[in-house]
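Please read the structure below before turning to the comments.
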Amino acid sequence: MIRIIGIGEMAISNDINDSIKTYALGSCVGITAYSSKRKVGGLIHIALPSPSKIVDVDTRCCFYASTGLPIFINKFHKEYGCSKGELIINVFGGANSIRNCDAFNVGRKNVEFVKKYLDDVNLKINLMETGENVSRTVELSVATGEITVWHQKIII
């Protein structure tokens with residue numbers, strides 16, 4: 001079964017019949033984690049590095065890298081018995097804005113935050129496909145850990 005996640009959502013599965021997919025990663029970042037040892041895979045779709053208000057965190061924890069990533073990684077350990085060392089981590093998205101004057105640089109800031117967080121918790125990134133003016137759709141197969149990425153150039 002294909003499990004679709006949206007912005008600010010995550011899914012983790014140990015059902016080898018599942019695949020987990022998210023659409024249209026522009027400035028958002030999708031992080032996959034996979035344990036080949038346990039056949040457990042997951043995907044989180046992050047929109048922003050951190051919340052501007054504490055109140056947002058309770059209802060939208062996966063919307064932010066600062067709150068969603070710890071929950072995502074800890075769930076692999078607590079619910080599926082995966083050690084950090086067995087997780088294969090991949091990062092997608094973080095596209096550049098097509099505007100000439102983008103003061104926020106959300107895509108770049110998302111990628112920088114994710115890289116720093118993963119480095120701080122000693123998780124090595126296996127593959128990074130980020131930046132450019134490209135929207136990415138990502139699908140992870142739980143049975144194999146295989147990742148399929150579709151690209152679409154962002155045009156206005």
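The values are calculated or read from the model by the stated rules, or taken from the named source; none is laboratory data. What you are looking at is a predicted structure, and each value in this text was computed from that prediction instead of being measured. As a convention, Cβ positions derive from the backbone with ideal geometry for all residues, glycine included, and neighbour counts pool all protein chains shown.
A single entry from I5, I73 fulfils the requirement of being surrounded by fewer than 23 Cβ atoms within 10 Å (Cβ to Cβ), within 13 Å of the chain's Cα centre (by Cα), of a type outside the set (G, A, S) and under 17 Å from T148 (Cα atoms): I5. The set of residues in region 8-50 being of a type in the set (D, E, K, R) and over 11 Å from the mean Cα position of the chain (by Cα) consists of D15, D18, K37, R38, K39. The residue that is nearest to I16 (Cα to Cα), among those in region 85-106 that are assigned to a helix (DSSP H, G or I) and at pLDDT below 95, is G85.
Scanning region 117-136 for residues that are more than 12 Å from the chain's Cα centre (by Cα), under 13 Å from P70 (Cα atoms) and touching a residue at least 24 places away in the same chain (Cβ under 8 Å) gives Y117, V121, N122, L123. Just so you know, in region 107-145 the residues that are in a loop (DSSP other than H, G, I, E, B) and not polar (S, T, N, Q) include one that is surrounded by the most Cβ atoms within 10 Å (Cβ to Cβ), and it is V142. Taking region 76-90 as the range and being surrounded by fewer than 21 Cβ atoms within 10 Å (Cβ to Cβ) and under 14 Å from the mean Cα position of the chain (by Cα) as the test, the residues that pass are I88, I89, N90.
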